[in-house]
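Colleague: I'd like to ask some things about the structure below.
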Amino acid sequence: MGQKRYAALERILFVWAKLNKGVRYVQGMNEIVGTLYFVLNQDDNTDWSNEAEADTYFLFNALMVEMRDVFVPDLDDADTGIHGRISNMITLLSLHDPEVRCHLDSVGIDPSFYSVRWLTTLLSREFLLPDTIRLWDSMFASTHKDNFLRYVSVSMVMVIRDQLLCGDFSDCLRLLQAYPPTNLDRLLESSRALWIYESQITLACHKGGISLGHALRSINPPPAIIMAYGLQGGVAPPIREQVREAGKRGMEVARGAARQTQTAGRSFFGNAVNYFRGGINGSSSNTGDKDVRRSKSTM
């Protein structure tokens, strides 16, 4: 049975690659085909399960119509290419959790180290098979699969943010390349809540004509949100706390500037004193030399 399944997957990928010579086979396609074939082959209706190979090919081909640009090297830098999708994902992460983004940059974690596999395999290698099937059910039900995958990927980083912030290069890379077990329902709810909250904030700013800070204080975030706009749980602090924090930062900046000015002033006056002292000593020595020459001429 195992050899039969592997042969079916091989035939599906071989025929598809032959009919799509502009793309051909790329590593990662086998993960997608394998998951599709497993689900269709497990159908209780034998009339349907017997056609699992043909149905898998049809579904895989329909899916590749939407995401084939990810596997085309000439389109890597396009918005639909792999680099474009990674850039969109990191932009979203920078917007909602800049602390984690900066930490990953500081320890030397390039987004391509983990996100290429996430995006090319539709996260099928990051979770157990039952969780992958659950994830794909939600993704295929979404009207915008790319958007869905982007928000889920960012939420995955946020779920393990505390571990990432405490780790170095090797720790962070291990967490991102071997994603730890997590509650998938909570992950999906967090990504959906983040998308809804961002849509509400964007609408309030553009349509309502209010500032981002005003919108964050006016709209209550969904409870499932982990981070949003750099805020824990997406909750903006009251205006008094913001003013107090701004005042503290202003005082710290002012104290730092005062210390720098004081240090610069001391250095300036110290150099000036040394300069004048040097001038006086030079004048005294010159006067002494003149007196010696006068005494010699008198003698």
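The values are calculated or read from the model by the stated rules, or taken from the named source; none is laboratory data. Bear in mind the structure is a predicted one, so any value in this text is a computation, not a measurement. In this analysis, Cβ positions are derived from the backbone assuming ideal geometry, glycine residues included, and neighbour counts consider all displayed protein chains. The protein model used for the area step is the full one, side chains on, heavy atoms only, and it has no ligands, DNA or RNA in it. Shrake-Rupley method; radii C 1.70, N 1.55, O 1.52, S 1.80 Å.
Colleague: Taking amide H positions as placed in the peptide plane 1.01 Å from N, state which residues far from Met227 in sequence (5 or more) or on other chains have amide H under 5 Å from it.
Modeller: Those qualifying (amide H under 5 Å, at least 5 residues apart or on another chain) are Gly233.
Colleague: How many Å² of accessible area per residue for the stretch 59-144, probe 1.4 Å?
Modeller: Per residue, the stretch 59-144 has an accessible area of 47 Å².
Colleague: Mind ranking Tyr6, Tyr179 by accessible surface for me, highest first, 1.4 Å probe?
Modeller: The most accessible residue leads, giving Tyr6, Tyr179.
Colleague: A follow-up question, please. If we count every other residue with Cβ under 13 angstrom of Phe14's Cβ, Lys/Arg +1 and Asp/Glu -1, where does the sum land?
Modeller: After counting each charged neighbour, the total is +2.
Colleague: At what distance in nm do the modelled label points of Tyr6 and His214 sit from each other, each positioned 7 Å from its Cα along Cα→Cβ?
Modeller: Going from the Tyr6 label point to the His214 one covers 6.5 nm.
Colleague: I would also like to ask the following. Once the piece of chain linking Ala78 and Glu99 is laid out straight, how much longer is it, given 0.36 nm per residue of separation minus the C-alpha distance between them?
Modeller: 4.8 nm
Colleague: Ranked by accessible surface with a 1.4 Å probe, highest first, in what order do His206, His96, His83 come?
Modeller: His206, His83, His96
Colleague: To continue, here is another question. Between Gln42 and His144, with labels modelled 7 Å along Cα→Cβ, what's the label distance in nm to one decimal, could you check?
Modeller: 3.1
Colleague: Give me the percent relative contact order of the stretch 63-212, please, defined on Cα pairs under 8 angstrom at least 6 residues apart.
Modeller: 21 percent.
Colleague: Sum up the charges of everything whose Cβ sits under 14 Å from the Cβ of Thr56, counting Lys and Arg as +1 and Asp and Glu as -1, but leave Thr56 out.
Modeller: Local net charge: -3.
Colleague: Given N residues in the stretch 82-171, what is Rg(Cα) / (2.2 N^0.38 Å)?
Modeller: 1.09
Colleague: OK, next. If the reach is capped at under 19 angstrom between alpha carbons, list the aspartates and glutamates near Lys4, excluding any in the same chain fewer than eight residues apart.
Modeller: Excluding near neighbours in sequence, the set is Glu31, Asp43, Asp44, Asp47, Glu51, Glu53, Asp55.
Colleague: Something else: Less than 15 Å Cβ to Cβ from Ser199, Lys/Arg counted +1 and Asp/Glu -1: what total charge do the surrounding residues give?
Modeller: +2
Colleague: So how do Cys166, Cys102 rank on accessible area, 1.4 Å probe, biggest first, that is with the largest at the start?
Modeller: From most exposed to least exposed: Cys166, Cys102.
Colleague: A follow-up question, please. With only alpha-carbon pairs counted, each pair once and no self-pairs, how large is the Kirkwood hydrodynamic radius of the stretch 1-158 in angstroms?
Modeller: 16.8
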